[in-house]
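Here the structure comes first, spelled out in structure tokens, and everything after it is commentary.
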Amino acid sequence: EKAVAATDSSVAADPVAAARQLFVDTFGSEPAGVWSAPGRVNLIGEHTDYNDGLVLPFAIDARTAVAGSSVPAGGQASLEVLSAHRPDEHRTIPLGELTPDPERTETDWSDYVSGSVWAARLHAAGPGAAGTDGTDGTDDAPPGAAALPGLRFAVASTVPVGAGLSSSAALECAVVLATLALDSAGGPGTDRAIAPEQLARIAQRAENHYVGVPTGLMDQMASSAAEADHLLFFDVGADTIEQIPFDIDAAGLSLLVIDTRAHHSLADGEYAKRRAECERAAELLGLNSLRDIDIDQLDLMLAKLVAATRSSVLVPAVDDAEVLVRRVRHIVTENQRVLDVVTQLRSASPDWGTVGRDMTASHASLRDDYQVSADELDVAVDAALSAGAVGARMTGGGFGGSAIALVPAERAATVSAAVEKAFAAAGFTAPVIRSVHPAAGARRDH
Ligand code: ADP
Ligand code: MG
């Protein structure tokens, strides 16, 4: 079976035009504006973000667009939203007392939208409002929300959903931008600019506290702060970002994203477990986070960790010294690999061979030490490398999703064919392979 083209009948090539058209067809009027935000790929630095570590993502040239208008609140204001991905799921959600529901066990796609409206309005209510002091865990309704208008949104996207390319952050960032703009339109400071770092945090709050998915900040930061033809070097612990030029065409390279189309159900539980293991290891070592371990101290710290695990009051299911050692080794070496790649890419003539080797070493570490890979990801990486990729690795949380391969441009077709062949031989669903370019972050398009 041949891999299908990277298209889907519900997805137009231009998501901005598609969102606008969907809005007009649904609501019978032009939207007040269209906002969009991209998906992302992480070049290197995996599972490091929630350890206060280093990540190096870029936004991809696939975007989620939100066409929107506000509706004067005559009585009960509501959010009306639909998505081209869910043609029969036009949702209407009362906005007056929008609050996260900690008891919620099932997630509807519209929760990403209502959560983003909630987080945007909580932010706009200002630093005096409860929960806007940067702390986690707020359950509040935005003060004064009852007086705000209703909202109508139509969503269209070229970001594959659930493929590890962060369609969730793209949707959140676009909806937050749209909500802030629509709510302030006509008032003082109409459509005031928001710093990308702030946008990222608002979107993260939506995903963490409203939808209830405990992600780090990388996805939202990439979707909001990325620039075209650049990587985003985000040091989570230091809270700094640096734009690093990444002109792959000029380097004669292509970046392939291999969507394995595998989604293993253990992903969520294992993600939470990895976070708990990292927190426990840091606690046993008396550190705020694993980020505090320098590569030169690694062996010493691993020995200390083994000793601390033996002498501690056991926390069942977490305190397996061997497991904790593997997790720590991945995080510390991964941060070092990010620094290595950053050093290369900051130089006038990067050594792409080194970049590729670091990517491949990252994959081995995620597979063997962090244990978050999957057969489909390993087959994709191995086949790409055998066919001439400079480097390849899984990207995103793991257990399915996507892998990336950095390849000489003239070998892109050969590498793609080799991966498709390897998938067919293994009896896997055919992958979808795309060539991506570093693109711009969230913005208003109309
Ligand atoms: P990823 O972010 O890797 O694509 P997630 O599981 O984090 O995967 O987020 C995917 C979820 O986000 C979907 O199941 C859906 O609920 C929501 N979502 C993302 N994009 C869209 C969209 N364009 N239309 C509707 N829902 C979307
Ligand atoms: Mg996501």
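The values are calculated or read from the model by the stated rules, or taken from the named source; none is laboratory data. Treat the numbers as computed from the prediction; the structure is a model and nothing was measured. No Cβ is skipped: glycine too gets one built from the backbone with ideal geometry, and neighbour counts run over all protein chains shown.
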* In this structure, does residue 105 turn out to be among the hydroxyl-bearing types (Ser, Thr, Tyr) and within 24 Å of residue 259 (Cβ to Cβ)? -> no
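Of the residues 285, 305, 256, 217, which is in contact with a Lys or Arg (Cβ under 9 Å, 6 or more places away or on another chain) and under 21 Å from residue 371 (Cβ atoms)?
Details: 305 fails: in contact with a Lys or Arg (Cβ under 9 Å, 6 or more places away or on another chain); 256 fails: under 21 Å from residue 371 (Cβ atoms); 217 fails: under 21 Å from residue 371 (Cβ atoms).
Of the residues listed, the single one that is in contact with a Lys or Arg (Cβ under 9 Å, 6 or more places away or on another chain) and under 21 Å from residue 371 (Cβ atoms) is 285.
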* If you go through the stretch 234-265 one residue at a time, how many are closer than 18 Å to residue 393 by Cα and part of a strand (DSSP E or B)? -> 11
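Go through 292, 299 for me and flag whichever is in contact with a Leu (Cβ under 9 Å, 6 or more places away or on another chain), surrounded by fewer than 21 Cβ atoms within 10 Å (Cβ to Cβ) and among the acidic types (Asp, Glu).
On the way: 299 fails: in contact with a Leu (Cβ under 9 Å, 6 or more places away or on another chain).
Result of the check over 292, 299: 292.
I need a count of the residues in the stretch 293-309 that are assigned to a helix (DSSP H, G or I) and touching a residue at least 24 places away in the same chain (Cβ under 8 Å). First the steps, then the outcome.
Keep residues of the stretch 293-309 that are assigned to a helix (DSSP H, G or I), which gives 295-309.
Then keep just the ones that are touching a residue at least 24 places away in the same chain (Cβ under 8 Å); that gives 295, 298, 301-302, 305, 308-309.
Residues meeting the conditions: 7.
Take the residues of the stretch 372-386 that are surrounded by fewer than 20 Cβ atoms within 10 Å (Cβ to Cβ) and not polar (S, T, N, Q): which is farthest from ligand 1 (Cβ to nearest atom)?
Quick first cut of the stretch 372-386, residues surrounded by fewer than 20 Cβ atoms within 10 Å (Cβ to Cβ) only: 375, 378, 382, 386.
Adding the requirement that they be not polar (S, T, N, Q) leaves 375, 378, 382.
Details: 375: 19, 378: 19, 382: 23 Å.
Looking at the filtered set, the residue picked out is 382.
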* Which one is surrounded by the most Cβ atoms within 10 Å (Cβ to Cβ) among residues in the stretch 154-165 that are within 12 Å of ligand 2 (Cβ to nearest atom) and closer than 16 Å to residue 111 by Cβ? -> 161
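Return the residues of the stretch 18-34 that are hydrophobic (A, V, I, L, M, F, W, C), in contact with a Lys or Arg (Cβ under 8 Å, 6 or more places away or on another chain) and not in a helix (DSSP H, G or I); say none if nothing qualifies. Before you say what the answer is, go through the steps one by one.
Residues of the stretch 18-34 hydrophobic (A, V, I, L, M, F, W, C): 18-19, 22-24, 27, 32, 34.
From what is left, the residues that are in contact with a Lys or Arg (Cβ under 8 Å, 6 or more places away or on another chain) are 23, 27, 34.
Correct list: 34 only.
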* Within the stretch 417-436, tally of residues that are aliphatic (A, V, I, L, M) and part of a helix (DSSP H, G or I) -> 7
* Structure fact -> Note on the stretch 71-92: residues polar (S, T, N, Q) and either crowded, with 23+ Cβ neighbours inside 10 Å or modelled with pLDDT of 95 or more (or both) are 83
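Which of the residues spanning the stretch 102-111 are among the charged types (D, E, K, R), assigned to a loop (DSSP other than H, G, I, E, B) and within 16 Å of ligand 1 (Cβ to nearest atom)?
104, 106, 108
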* To do: Starting from the stretch 44-56, keep only residues that are modelled with pLDDT under 95, then list their pairs with residues that are of a type in the set (Ser, Thr, Tyr) whose Cβ atoms are within a distance under 7 Å, requiring at least 6 positions of separation or different chains.
  => none
* For residues that are surrounded by fewer than 24 Cβ atoms within 10 Å (Cβ to Cβ) and either away from ligand 2 (no atom under 14 Å from the Cβ) or modelled with pLDDT of 95 or more (or both), tally how many sit in the stretch 208-224. => 1
* **Contacts under 7 angstrom Cβ, first residue in the stretch 208-220 being more than 17 Å from residue 165 (Cα to Cα), partner assigned to a helix (DSSP H, G or I) and away from ligand 1 (no atom under 12 Å from the Cβ), 6 or more apart** => 210/118; 210/119
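Is it the case that the stretch 186-203 has a residue that's within 12 Å of ligand 2 (Cβ to nearest atom), assigned to a loop (DSSP other than H, G, I, E, B), under 14 Å from the mean Cα position of the chain (by Cα) and among the hydrophobic types (A, V, I, L, M, F, W, C)? Explain how you work it out, then say what you get.
As a first pass, look at the stretch 186-203 and keep what is within 12 Å of ligand 2 (Cβ to nearest atom): 203.
With assigned to a loop (DSSP other than H, G, I, E, B) added as a condition, the list becomes none.
Looking through the stretch 186-203, none of the residues is within 12 Å of ligand 2 (Cβ to nearest atom), assigned to a loop (DSSP other than H, G, I, E, B), under 14 Å from the mean Cα position of the chain (by Cα) and among the hydrophobic types (A, V, I, L, M, F, W, C).
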* **Whichever residue in the stretch 274-286 is charged (D, E, K, R) and closer than 15 Å to residue 215 by Cβ and, among such residues, is surrounded by the most Cβ atoms within 10 Å (Cβ to Cβ)** => 274
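How many of the residues making up the stretch 384-404 are among the small types (Gly, Ala, Ser) and assigned to a helix (DSSP H, G or I)?
At the first step, the residues of the stretch 384-404 found to be among the small types (Gly, Ala, Ser) are 384, 386-389, 391-392, 396-398, 400-403.
Still in the list and also assigned to a helix (DSSP H, G or I): 384, 386.
Final tally of qualifying residues: 2.
Residue under question is residue 174, and the condition is that it be over 25 Å from residue 51 (Cβ atoms) and crowded, with 24+ Cβ neighbours inside 10 Å; does it hold?
Numbers: over 25 Å from residue 51 (Cβ atoms): yes; crowded, with 24+ Cβ neighbours inside 10 Å: yes.
So residue 174 fits the description; yes.
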